[in-house]
C-alpha cells in the first residue's frame, strides 16, 4: 500500500510538472521574443542615381526596424554595392528625435501609396508604424522630381541619411525577415537586374 501511494504521488507531481512545462512552452511560442518586439517603426528609403542620398558616397537604399527602446535592425546598400546588415541599440536622443518626427501631425495624416512614372531618376520612401487606431502604412514615390516628398517625410529621410549603425553587430538575412516595411515600391538598380 505504501509503495502504491508513493508511486501515485510521484506520478501526480510528474504529471503536474509536465503540464506546467507544456503550458509555459505553448505560451512562450506565442510571444515574439526577438529584441525590438515593441516596434516603433519600420522605414525604408531607396534611390536611383541622381537622387538626394546618392549624390555623395552615401546610401543607395536603407531599411530599418526600430523598437521603442532603441533596438534596431538595419539593412542598407552603400554606393559601392556592398549590402550591410547590422543590429544594435541607438542613443535615447536619436530615438526621441525619430519619435518626434513620426508623431508630427503632418506625417501622421499621410497614408496610402503615391506613385508615378519613372523616366530617369527616382526615390521612394516607405513607412509602417503601429498606431493606437491601427498601423499607418505609407509609400511615396518621387519619380523624376514630379512628386517631391512632403516636408515631414523629407525630415524622416534626412534622419535615415544620418543614421549610422555605430557599434552594431552583423546579422544574417535568415535571422530577421521583417526589417523593411511590408509591401510597397522598391527601385531596381542596374546591378540587381
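The values are calculated or read from the model by the stated rules, or taken from the named source; none is laboratory data. As the structure is a computational prediction, the values presented were derived from the model and not from experiment. Virtual Cβ from ideal backbone geometry, glycine too; neighbours counted across all protein chains shown.
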Looking only at the range 172-190, how many residues end up being surrounded by 16 or more Cβ atoms within 10 Å (Cβ to Cβ) and modelled with pLDDT of 75 or more? 3
What are the residues in the range 157-170 that are at pLDDT below 90 and either within 13 Å of the chain's Cα centre (by Cα) or within 10 Å of residue 86 (Cβ to Cβ) (or both), if any? 164, 165, 166, 167
Of all residues in the range 92-114, count the ones that are touching a helix residue (DSSP H, G or I) at 6+ places or on another chain (Cβ under 9 Å) and surrounded by 13 or more Cβ atoms within 10 Å (Cβ to Cβ). 9
Being more than 14 Å from residue 64 (Cβ to Cβ), in a helix (DSSP H, G or I) and assigned by TED's automatic domain parsing to the domain that holds residue 67, is that true of even one residue in the range 80-93? yes
